Structures are given as C-alpha cells and as structure tokens.
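Visitor: Sending over a structure as structure tokens; questions will come in a sec.
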Amino acid sequence: MNNQVYLLDRGEADSFAEDYFLSICGLKNREGGKYTRMLEQGMQIRTRISSGIDLKAVVSGFDSEVLSGNTVTIGATTFICNGFQQLKKDKVHKIYAYILTAGSFELDDSEPVLEQLYADIWGTAYTDAGLEVLKVKLMEEIRQETGNHKASVLEPFGPGFYGMDVDQVGSFFEILDGDRIGVKARTNSLMLPLKSCAGFYIAADEETSLPSKDCVSCRSDHSGCEFCHAVIKNKR
C-alpha cells in the first residue's frame with residue numbers, strides 16, 4: 001500500500017460526527033428549551049456547510065521493521081514518539097501513516113461568532129468521525145490480509161500526542177502525497193484545509209495497547225519515557 005486514497009462515506013461518519021458535536025457543545029443528554037434551540041441552530045449550521053464536508057485520506061502501510069524503540073523510520077524520515085516505545089515489534093502487523101481531511105468548514109468573518117463557532121466544531125467533529133471510519137476500513141483490510149480475525153487497529157495518534165513534537169506534521173508530507181487529497185503543509189505544524197490531521201494507526205495483535213491515558217497529552221522529552229511514573233504504574 002503506497003499513497004492509497006480513501007474516499008470516506010459521509011453517511012458512515014454522520015452518526016460519529018453528531019455524537020462528537022453534542023459532546024463538544026455540552027448538549028449531550030441535555031433537556032430544556034435552551035438546549036433544544038442550541039441544537040437546532042447547530043444542525044442548521046451543518047446544513048449550511050454541508051457542501052464543504054469532504055472526507056478523504058491518503059494512507060501508506062509499512063511493515064514493523066520501521067519500528068525501533070521510540071522511533072519509526074521511513075526512508076530518510078524519522079518520527080520520534082513515546083508511544084512507540086511500548087509497542088512490541090513482533091506483535092505489530094502494520095504501521096499506517098495517514099493524512100486525512102474533513103473538508104472546508106469556514107464561514108465568512110461577517111457571520112455571527114456563535115455560528116462560526118458551530119461551523120468550526122462541526123469541522124472538528126467530522127475530522128474525528130473520519131478517523132473512526134478510516135480505522136474500521138483499515139481493520140477490515142488487515143484482518144483479511146493476515147487471516148487473523150482478532151487483529152486490531154489501535155486508536156490513531158500523531159504530532160502533539162505521546163510526546164511527538166507538533167513540528168513533525170511536516171514530516172508526513174515527506175512520506176505521503178497530500179496533494180492527492182488536496183492537503184498542503186503550510187508550516188511544519190499547520191495544514192490546509194484547517195480541518196486536516198496526520199498521524200499513525202498501528203495494526204497489531206488484539207492484546208496490544210497504547211500507553212495509558214496519562215500519557216496521551218505527554219509533553220516530556222522522549223528520553224525520559226521509561227522513567228515516567230505513568231509507565232511504571234502500568235507495569236505494576
């Protein structure tokens with residue numbers, strides 16, 4: 001698999017996006033006229049921006065040989081991340097690098113601020129929903145490829161998570177062709193369209209897991225990972 005383009009079904013993403021939207025806005029399981037009005041306004045904004053929702057991703061898959069300690073090295077490009085350090089190479093089937101976009105969600109600056117906010121939240125919600133849909137597709141593929149119907153695909157992660165430097169966003173454009181889905185790196189940490197993301201999925205045996213939730217937002221230097229209390233706590 002090299003720079004394979006996935007056109008993600010919006011119908012499959014809608015339910016995920018709605019759930020994320022309600023959670024982000026604090027509207028989930030809320031009752032009352034105020035919340036009903038807020039939800040109606042939010043849904044109206046989604047209708048307005050509907051034509052801009054365009055879920056797609058470009059993905060390349062690599063064998064576990066690219067993994068070594070806390071690094072993944074693909075060609076001349078190296079990614080450093082605390083999350084890699086706890087993966088056992090012999091349990092990893094495939095490492096997928098991806099760039100994904102949900103499309104364009106910006107409203108004109110003259111629009112009311114609340115409506116711009118709702119549009120932005122929908123963009124975040126559909127980005128996360130796209131990741132869910134892509135994860136399912138990759139899981140189906142790896143199970144078919146390996147014949148292991150218990151193989152799993154771990155939650156995606158990328159720059160800004162598990163100590164991976166946000167400046168490594170630009171590195172994904174060294175190994176993936178973002179132009180194939182209309183995504184460009186404006187800087188080493190910013191992509192256009194704005195509702196785009198890059199990272200890794202790990203396909204592994206079912207018992208494999210990423211580090212604990214304590215580590216997700218880690219900002220520490222990768223060299224101290226094995227000494228962190230969160231890692232030590234997990235090993236007890």
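Visitor: Taking the range 9-55, which residues are of a type in the set (D, E, K, R) and closer than 30 Å to R180 by Cβ?
Guide: Once the filter is applied, which keeps residues that are of a type in the set (D, E, K, R) and closer than 30 Å to R180 by Cβ, the range 9-55 yields D9, R10, E12, D14, E18, D19, R46, R48, D54.
Visitor: Is it true that some residue in the range 90-109 is surrounded by 20 or more Cβ atoms within 10 Å (Cβ to Cβ), more than 23 Å from P193 (Cβ to Cβ) and aliphatic (A, V, I, L, M)?
Guide: Yes, the range 90-109 has at least one match.
Visitor: Determine whether L138 is at pLDDT 95 or above, of a type in the set (A, V, I, L, M, F, W, C) and touching a Pro at 6+ places or on another chain (Cβ under 9 Å).
Guide: In short, no.
Visitor: Please work out if Q4 is surrounded by fewer than 20 Cβ atoms within 10 Å (Cβ to Cβ), polar (S, T, N, Q) and under 19 Å from E132 (Cα atoms).
Guide: Here the answer is yes, as Q4 does meet what is asked.
Visitor: Within the range 58-108, which residues are on the phi > 0 side of the Ramachandran plot and touching a residue at least 24 places away in the same chain (Cβ under 8 Å)?
Guide: Within the range 58-108, G75, G103 qualify.
Visitor: Find the residue count for the range 156-189, including only residues that are crowded, with 16+ Cβ neighbours inside 10 Å, assigned to a loop (DSSP other than H, G, I, E, B) and either in contact with a Gly (Cβ under 9 Å, 6 or more places away or on another chain) or not aliphatic (A, V, I, L, M) (or both).
Guide: 9
Visitor: Go through the range 67-79 residue by residue and tally those that are crowded, with 19+ Cβ neighbours inside 10 Å and among the aliphatic types (A, V, I, L, M).
Guide: Number satisfying all stated conditions: 2.
Visitor: If you go through the range 40-54 one residue at a time, how many are surrounded by fewer than 16 Cβ atoms within 10 Å (Cβ to Cβ) and of a type outside the set (G, A, S)?
Guide: Count: 6.
The values are calculated or read from the model by the stated rules, or taken from the named source; none is laboratory data. It should be emphasised that the depicted structure is a prediction, and the values quoted were computed from it without experimental measurement. FYI the Cβ positions are ideal-geometry reconstructions off the backbone, even for glycines, and counts take in every protein chain you see.
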